[in-house]
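> One structure follows; several queries about it will come next.
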Number of protein chains: 2
Amino acid sequence: MTSDTDPFDNSALREKGSAFMPKFDAAGLVSAVVQDVASGRVLMLAFMNREAIACTQETGLAHFYSRSRQRLWQKGESSGNVLRVKEIRVDCDQDALLLLAEPAGPACHTGATSCFYRQLSGESLSPV
Amino acid sequence: MTSDTDPFDNSALREKGSAFMPKFDAAGLVSAVVQDVASGRVLMLAFMNREAIACTQETGLAHFYSRSRQRLWQKGESSGNVLRVKEIRVDCDQDALLLLAEPAGPACHTGATSCFYRQLSGESLSPV
């Protein structure tokens with residue numbers, strides 16, 4: 001949320017401007033949603049720091065920052081299931097990115113096409 | 001990421017089980033992506049705490065937790081642009097949710113259909 005009275009508030013610039021001003025959280029991260037550019041399926045959600053964004057832009061392959069491993073990683077670096085990024089979109093307050101990508105294989109490390117392979121009903125999960 | 005040797009690691013249960021075991025971060029939050037169930041468009045990304053998940057399940061209307069305002073909010077509570085949640089999906093490690101929803105109006109507070117209304121090229125943003 002924003003304040004109209006804060007002269008140091010960049011929210012208007014962030015929302016309406018043409019400059020990329022990612023709003024990193026305290027850990028230096030923004031959220032990144034990956035959507036299959038062909039099927040429209042949401043494949044996964046991960047986090048990116050400044051370096052992950054730069055590496056993704058430079059290579060065209062999705063890079064993320066692992067909070068648990070505390071390091072940069074390229075999606076598919078071990079499995080080969082890379083994500084070829086066709087477009088990067090930015091949300092209104094620039095704290096989230098949407099990567100439109102072509103997956104080379106299953107996006108999920110479990111082998112599922114998408115990490116979102118279960119639906120919630122009450123407290124129970126069942127396959128989509 | 002998980003450890004095969006940690007006996008207290010719930011990762012296998014989280015990935016393969018049928019029990020909802022959300023993995024909240026240090027702030028008690030999981031990420032939530034909202035996708036238009038009809039168009040497939042990714043509309044927004046926000047955060048949910050336990051209460052937001054419960055309120056969403058009870059009412060069928062998307063509720064989130066605002067990190068900046070530090071309170072629960074119902075999407076559309078002031079604008080009327082509620083999100084009617086048709087399905088909630090959970091990702092492999094249960095730290096992200098995907099809400100498949102019918103939006104009552106523009107999802108973005110700027111009036112845009114989706115919060116992701118700009119694409120990134122180098123350091124510049126342009127309308128999608």
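The values are calculated or read from the model by the stated rules, or taken from the named source; none is laboratory data. Nothing here was measured: the structure is a model prediction, and the numbers come from that model. Glycine also receives a Cβ, built like all others from the backbone with ideal geometry; neighbour counts cover every protein chain displayed. The protein model used for the area step is the full one, side chains on, heavy atoms only, and it has no ligands, DNA or RNA in it. Shrake-Rupley method; radii C 1.70, N 1.55, O 1.52, S 1.80 Å.
> Are any residues in segment A:22-60 open to solvent by less than 50 Å² (accessible area, probe 1.4 Å), out of contact with any helix residue (DSSP H, G or I) (no Cβ under 8 Å at 6 or more places or on another chain) and either more than 15 Å from residue A:96 (Cβ to Cβ) or away from chain B (no Cβ under 12 Å) (or both), and if so, which ones?
A:36, A:40, A:43, A:49, A:52, A:54, A:55, A:60
> With the condition kept exactly as written, say whether any residue in segment B:17-38 is more than 18 Å from residue A:25 (Cβ to Cβ), modelled with pLDDT under 95, out of contact with any Gly (no Cβ under 7 Å at 6 or more places or on another chain) and not acidic (Asp, Glu). First the steps, then the outcome.
Here is the first cut: in segment B:17-38, the ones more than 18 Å from residue A:25 (Cβ to Cβ) are B:17-22, B:34-38.
Filter once more, keeping what is modelled with pLDDT under 95: B:17.
Imposing the further condition that a residue be out of contact with any Gly (no Cβ under 7 Å at 6 or more places or on another chain) reduces the set to B:17.
The next check asks that each one be not acidic (Asp, Glu); those that pass are B:17.
Checked against the condition, which is being more than 18 Å from residue A:25 (Cβ to Cβ), modelled with pLDDT under 95, out of contact with any Gly (no Cβ under 7 Å at 6 or more places or on another chain) and not acidic (Asp, Glu), segment B:17-38 yields at least one hit.
> Of the residues B:127, B:103, which single one is within 27 Å of residue A:114 (Cβ to Cβ) and either open to solvent by 20 Å² or more (accessible area, probe 1.4 Å) or among the aromatic types (Phe, Trp, Tyr) (or both)? Break it down into steps so the answer makes sense when it comes.
On the way: B:127 fails: within 27 Å of residue A:114 (Cβ to Cβ).
On inspection, the qualifying residue turns out to be B:103.
> Scan segment B:107-124 for residues that are in contact with a strand residue (DSSP E or B) (Cβ under 9 Å, 6 or more places away or on another chain), open to solvent by less than 60 Å² (accessible area, probe 1.4 Å) and more than 8 Å from every other protein chain (Cβ to nearest Cβ) and jot them down.
Of everything in segment B:107-124, those that are in contact with a strand residue (DSSP E or B) (Cβ under 9 Å, 6 or more places away or on another chain), open to solvent by less than 60 Å² (accessible area, probe 1.4 Å) and more than 8 Å from every other protein chain (Cβ to nearest Cβ) turn out to be B:107, B:114.
> Looking only at segment B:63-72, decide whether some residue is in contact with a Lys or Arg (Cβ under 7 Å, 6 or more places away or on another chain) and under 22 Å from residue A:110 (Cα atoms).
no
> Please determine whether any residue of segment B:68-75 is of a type in the set (Gly, Ala, Ser) and open to solvent by less than 50 Å² (accessible area, probe 1.4 Å). Spell out how you get there, then give the answer.
Restricting attention to segment B:68-75, the residues satisfying the condition of being of a type in the set (Gly, Ala, Ser) are B:68.
Filter again for open to solvent by less than 50 Å² (accessible area, probe 1.4 Å), leaving none.
Checked against the condition, which is being of a type in the set (Gly, Ala, Ser) and open to solvent by less than 50 Å² (accessible area, probe 1.4 Å), segment B:68-75 yields no hits at all.
> Sticking with this one: Output the residue which, of all residues in segment A:82-99 that are more than 9 Å from chain B (Cβ to nearest Cβ) and surrounded by fewer than 23 Cβ atoms within 10 Å (Cβ to Cβ), is nearest to residue B:91 (Cα to Cα). Please lay out each step first, then the result.
Keep residues of segment A:82-99 that are more than 9 Å from chain B (Cβ to nearest Cβ), which gives A:82-86, A:99.
Keeping just the survivors that are surrounded by fewer than 23 Cβ atoms within 10 Å (Cβ to Cβ) gives A:82, A:84-86.
Working: A:82: 19, A:84: 21, A:85: 21, A:86: 23 Å.
So, considering only residues that are more than 9 Å from chain B (Cβ to nearest Cβ) and surrounded by fewer than 23 Cβ atoms within 10 Å (Cβ to Cβ), the one nearest to residue B:91 (Cα to Cα) is A:82.
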